[in-house]
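This report refers to the structure that appears directly beneath it.
The values are calculated or read from the model by the stated rules, or taken from the named source; none is laboratory data. Since the structure is predicted, the reported quantities are computational estimates derived from the model, not experimental observations. Every residue, glycine as well, gets a Cβ built from its backbone with ideal geometry; the counts of neighbours run over all protein chains shown. Remember, those area values only see protein heavy atoms, side chains included, never the ligands or the DNA or RNA. Shrake-Rupley method; radii C 1.70, N 1.55, O 1.52, S 1.80 Å.
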Amino acid sequence: MKYMIFCHNGWGDFSYKRMLKLLPDRDEVLVVGEVMEKDEQDYDVCSISLTNMLSLDLTEYTTIVCSPYWLKTVNSLHPRYMIALLERCPDDQDAEMWNKYSELLAAQADIVGTASERIYLEQCLRREGIFLLSGESLLTYGMVNHRHDTLFLNDYEMIWFEALSSMNKGERFEQWTSVQWEIRCKYYVDLVATYPFHATISYLAATYLYLLGRSSDAGMYLVNSFEQMVLHDYLDCLESHYRFLSSMAAQVGDLEKAIRIYAVSVYSEEDQMKVIEMRNWLEHGKDDLVKAEIFRLNEDYASAIRTLKPLNTSESKSLLRDNYVQTYRYEDVLRLKEEGSLSHEKDSEISLVDSLLIRGTIHMLHNRPYEAVTAILTATTVELSALRWLSEMSSYEESAERMLRSIAYES
Amino acid sequence: MSNRDNIEKNTEHLAKRFTHLDHIGLIGLPSIDKVTIILEMTDPVWAVHSIQLLLLHSEHPIRIIALPGSLEFPSIQQYFAKEEPIEFWPYEAGIDRVNQAFVTIETPFVVLMEDRIMVTPRWLSSLIWPCMDEERVMIVSPMSSTEQFDGKLDLWFQSHADLVSYAEEHHPRNQGLWRQVTMLTGSCLLFRRELLDDVGGFDPLLRSRELKVADWCLRARLLTAQLALCEDVYVQALHSLKPRRGEKILSDEWHLFCSKWGIERDSYPLTSISELDISQCLIQPFISIHHEPVFITVLVVVSEGLDTTLEPGYPIQIEQSYSRIQWIGILIGEHEEHPCDEQGIWGRLDALIKVREVEQWHEALEAAFMLVKGEVITFMFDTRTYESDYVTWVVDFMYRESADVVVNTGHDIPNLEAQVHIPKEPLPVPLSLTAHRRIQEVGSYVRSLEEYYFIPRASLRAVYWTKGTEDE
Amino acid sequence: MNHKPIRKTSGNRLTAMLQVRNEANRYLESVLHDLSEFVDEIVIIDDASTDGTFELCQSFAKVTRLIKLEKSEFIHEWQLRQRLWELAISTDPDWLLAVDADEFYEDLAKVHMRDLINQDQYDWVGFRIYDFWGGLTHYREDELWMIHQRHTRLLVRYLPDFYYFYPRMDHHVPRLPLSYAVLPGFQAELRVKHYGWAVSKEERYEKYLRYMSSDPNGEWGSLEQYQSILDEYPTLIEWKEDPL
């Protein structure tokens, strides 16, 4: 397999250098932009200029993309696979734009990795195929031959290796996600035994148990965390902690309880209408809709999508669409619309504008500027505030241009 | 200077001379004999790597007995030259191969290790030296991440080169640093051959490696043997992302171990073992290393009235890869004299029971049970086909899962490693896919129009495995 | 299926909850009379009283749940709080008012009580407690006696599905589960009169001795504050009842 690396801000800032030695089926590894000769030797990579890269046929390459500003360029190259490495927003970048386009990058990628556990857990609740590229274990889980030496892989390196190997073979790699959750879960559960009064550690133990589908065990860690938060005066935990219990109740199938817990945590009229709606669904046997909605209200979009996907009603498709929108799975949103799955009553003016803006964004990211602008301008005829998307898109393009220029300059 | 000061000074001088001679390579090996290394293989990649390092870093002449850990373990002989001192033993179901390997040992020192272990330079001499320093030392272990107690050391190395650098610096600096410990459970142990004569082999009732080794060490200590931990040797260990067979300690196994050693059952996991007061324990019987593989009885059942097919039943696959089988046939109902007999099986049976009335099927089973000599009974019906390794698989699952009942849930799935799952409640299962131990009140048998069923007793350990048999 | 709303905006029942111990000859009878005017139900745990407190409680019609403990649990305060809480919630209440045996709500508070509970925007109410000193006309206000400068959570909505817990301490355990702190509340400018210190100088001295013997090192409370009980000239302010 040939790999092409797209760093943000050049090789110097690339924080996954060792990973390049551990790539499976490693044939050739090219890095766009300047790389020091010593690093080229140490990591067995070759630098390639932007111009030269653009002249290559990347359809046989796996791309590793470290910045949302590469998305447009990489899309135009139609690589075989796209690996996204997500980072926290750098200090010199606009956070809102960075975060939004990082989500779009993650949504489009075949597999996603990140060294930040916070980003990792957020993404686990948004989509499949996410891997954590950091950990504490000193144990060795695998080996890779590299030049005349054998490199040892720790737990996350081995998991990442296995996942990428499966991906390269066109096989599913979800099982490795669960393996990673088991390892993280054990780590935090053991740590709770040592630090039982630490709110965050208990919370993380609860989260991983929840991800593993073990809500019946997760509950006690969550309430322990909740107690510690309150005892230490961190009172902004009604949603993050208490409401999370509703997701756990939904997971074990106790939907009545899930709704009641959610109802306790909301006060606005809009949220209370949501409670009534869910009660209605439950009365009419629409359990899956309730389940999915509870997940979504707890920002567990991944579980909501998994629950809704097998369903085939216009109601379920509409909820599915909402989940896709919130997780920036824009292509899936459009696909739903094209399938005609969404009922006409739901296709109100608001969602028409949304669709146009989504379409515009996709056109832009796939280098179809004319179509992009047309879609946005059409949207503005319905809703004038859609104009801000034009300025957002042009900001994105400016930032992308700036990054490309700095890479080109280095080369 | 006092006498004591003189002795101390003297010892210091001798140590310095030894270090000097060792440094210039004039110190030979502690033993002139070959060392037998029994390597338990769990992963072909690990095994190849482990053996390569054994060949590279073992200063002594060695004989490696490589034992595959499962029926599906692939051959790795092609990675090694014929002249290398390695014996690749084939897998044998229904028996502890390590005990079998023990039988063939003639060298005074033996190493028992798993393929997860990567040895380091000078590892072997360093492990032998404590046996020379103290004659009661019987078992020696290096530091590693596979030890649970004093020997536990988790070190991270980016590469093998880093590991070797560490060993080359650490081992000579700490040479001779070893101490007596109360328990060893790791994946690399050196022991004296005579221990097998004194204590015997591993307890066949224990399955997980940790408990087997812990039990063995305790039995050795009961006979005043010493366990030594070499702090001057570190070996690296590989770990598996997914739990492997033999890693998990089963609850019934733990109860057995606790009863044996008078340990509180609630004190799982193993932390209590190292604090055990050995003087309060009962003397344990010697456990022979000579065992025969499991003897199994196959009940071949041809029953009238099952299913509505007009086709004749399948021939029974009597050509099985497993050898220790007693064959008993049961004919139920009206049949031609030798049904399904393309291979002439009926003449080769050890016993045959025939009942003309289909309603007497249960009595026929009872009669057959009275003739059973095997520890395990498995059933073959002419309504299914069975592969020639079917009995081997049954024995293998029964043995290594410590099961009381095994049920094949086979649909022919090629290239799929056999999977095991243990259901929460026992279900009625087709008798034609079942095997169970010959124990009291193992369960009940029922017959419907289409099928005979077995319902295991609730408290038994019933294991379901998946690998090709074909339904008709 | 007819679902009870999680938060009712009308028809809420108000249940008072008290823990009492040997209060027969103090303010308890007045407190229970007072409460009977504006609450719907009263729930009481008697912590092994020996002076007829139990019988006194029994004599009030609105006391619907009354348990007497055989053995005092006062030294494990969180257990006592927990018991009272469990007793109170067993009545399936709407709102709970945690009252001490020597506390009286000002008239304005009683008048507004129903408005406070018949809404769905907040789940607890804090009041200002005033420590009356040496009589029923003045309250104390100086450096160590400023409880009325802040609000104390005394009135809570019971939400059956919420998670309730008390900190596991032996003293100074809040009257109501700490978890209410994460829910929105309302700090009412309504007052509660605490008569615990409205007693004679001799009785205040006895209280001081009790505090010093159970907490000589000031582990649970401030030694300085215990000492200030004996102050000869505390700052006292005349109480003025607010017009209705």
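Key figures
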item	result
Residue tally, condition under 17 Å from residue B:114 (Cβ atoms) and either away from chain A (no Cβ under 13 Å) or in contact with a Cys (Cβ under 9 Å, 6 or more places away or on another chain) (or both), over the range B:148-162	2
Among the residues listed as B:325, B:330, B:353, B:316, the single one being β-branched (Val, Ile, Thr), at pLDDT 80 or above and either under 30 Å from residue B:90 (Cβ atoms) or surrounded by fewer than 16 Cβ atoms within 10 Å (Cβ to Cβ) (or both)	B:325
Subset of the range C:38-74 [among the hydroxyl-bearing types (Ser, Thr, Tyr) and either outside any loop (DSSP other than H, G, I, E, B) or in contact with a helix residue (DSSP H, G or I) (Cβ under 8 Å, 6 or more places away or on another chain) (or both)]	C:53, C:64
Residue in the range B:138-147 that is touching an Asp or Glu at 6+ places or on another chain (Cβ under 7 Å), within 14 Å of chain A (Cβ to nearest Cβ) and touching a residue at least 24 places away in the same chain (Cβ under 8 Å) present	yes
Strands (runs of 3 or more DSSP E) enclosed by the range B:170-289 - at least 2 residues per element that are more than 19 Å from residue B:42 (Cβ to Cβ), modelled with pLDDT of 90 or more and open to solvent by 60 Å² or more (accessible area, probe 1.4 Å)	B:178-181
Filter pass, residue C:4 being open to solvent by 50 Å² or more (accessible area, probe 1.4 Å) and over 21 Å from residue C:116 (Cα atoms)	no
Search result, residues across the range C:154-180 that are crowded, with 19+ Cβ neighbours inside 10 Å and either free of Cβ contacts under 8 Å to residues at least 12 places away in the same chain or among the acidic types (Asp, Glu) (or both)	C:161
Check on residue C:125, part of a strand (DSSP E or B), of a type in the set (Val, Ile, Thr) and within 14 Å of chain A (Cβ to nearest Cβ)	no
Selected residue (only one of A:87, A:40 is in contact (Cβ under 8 Å) with a residue 60 or more places away in the chain, of a type in the set (Asp, Glu), surrounded by 15 or more Cβ atoms within 10 Å (Cβ to Cβ) and not assigned by TED's automatic domain parsing to the domain that holds residue A:369)	A:87
Tally, over the range A:237-272, of residues that are open to solvent by 10 Å² or more (accessible area, probe 1.4 Å), not in a loop (DSSP other than H, G, I, E, B) and not aliphatic (A, V, I, L, M)	13
Within the range C:189-225, tally of residues that are among the aromatic types (Phe, Trp, Tyr), out of contact with any Lys or Arg (no Cβ under 9 Å at 6 or more places or on another chain) and open to solvent by less than 70 Å² (accessible area, probe 1.4 Å)	1
Search result, residues across the range A:162-185 that are more than 10 Å from chain B (Cβ to nearest Cβ) and either surrounded by 16 or more Cβ atoms within 10 Å (Cβ to Cβ) or at pLDDT 95 or above (or both)	A:163, A:164, A:165, A:166, A:167, A:168, A:173, A:177, A:181, A:184, A:185
Failed condition for residue A:261, given (1) more than 10 Å from every other protein chain (Cβ to nearest Cβ); (2) out of contact with any His (no Cβ under 9 Å at 6 or more places or on another chain)	(1)
Filtered residues of the range A:274-300 (kept if away from every other protein chain (no Cβ under 14 Å), assigned to a helix (DSSP H, G or I) and open to solvent by less than 20 Å² (accessible area, probe 1.4 Å))	A:289, A:292, A:293, A:295
Cross-chain or 6+ apart pairs with Cβ under 7 Å, the range B:7-36 first and of a type in the set (Phe, Trp, Tyr), then part of a loop (DSSP other than H, G, I, E, B)	B:18/B:27
Every residue from the range A:134-161 that is surrounded by fewer than 17 Cβ atoms within 10 Å (Cβ to Cβ), within 19 Å of residue A:45 (Cα to Cα) and more than 7 Å from chain B (Cβ to nearest Cβ)	A:145, A:146, A:147, A:148
Residue B:135 open to solvent by 10 Å² or more (accessible area, probe 1.4 Å), in a loop (DSSP other than H, G, I, E, B), closer than 18 Å to residue B:229 by Cβ and more than 14 Å from every other protein chain (Cβ to nearest Cβ)	yes
Residue that is of a type in the set (Asp, Glu), surrounded by 14 or more Cβ atoms within 10 Å (Cβ to Cβ) and at pLDDT 90 or above, where the choices are A:371, A:383, A:398	A:371
Qualifying residue in the range A:44-58 (condition: within 14 Å of chain B (Cβ to nearest Cβ), open to solvent by 30 Å² or more (accessible area, probe 1.4 Å) and either part of a helix (DSSP H, G or I) or modelled with pLDDT under 95 (or both))	yes
Count - residues of the range A:210-236 that are open to solvent by less than 10 Å² (accessible area, probe 1.4 Å), away from chain C (no Cβ under 11 Å) and either touching a Leu at 6+ places or on another chain (Cβ under 6 Å) or more than 21 Å from residue C:161 (Cβ to Cβ) (or both)	1
Where residue B:112 falls short, out of the listed (1) within 28 Å of residue B:27 (Cβ to Cβ); (2) open to solvent by 20 Å² or more (accessible area, probe 1.4 Å); (3) at pLDDT 95 or above; (4) of a type outside the set (Val, Ile, Thr)	(2)
In the range C:9-48, the residues that are within 14 Å of chain A (Cβ to nearest Cβ) and open to solvent by less than 50 Å² (accessible area, probe 1.4 Å)	none
Unmet requirement for residue B:9, which otherwise passes all of (1) farther than 23 Å from residue B:233 by Cβ; (2) over 20 Å from the mean Cα position of the chain (by Cα); (3) in the same structural domain as residue B:123 (by TED's automatic domain parsing)	(3)
Filtered residues of the range C:56-86 (kept if open to solvent by 80 Å² or more (accessible area, probe 1.4 Å) and touching a residue at least 24 places away in the same chain (Cβ under 8 Å))	C:61, C:65, C:74, C:75, C:83
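A quick yes/no check of all residues on (1) open to solvent by less than 30 Å² (accessible area, probe 1.4 Å); (2) at pLDDT 85 or above; (3) not assigned by TED's automatic domain parsing to the domain that holds residue B:322:
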| site | (1), (2), (3) |
| --- | --- |
| B:357 | no, yes, no |
| B:361 | no, yes, no |
| B:397 | yes, yes, no |
| B:404 | no, yes, no |
| B:414 | no, no, no |
| B:417 | no, no, no |
| B:431 | yes, yes, no |
| B:435 | yes, yes, no |
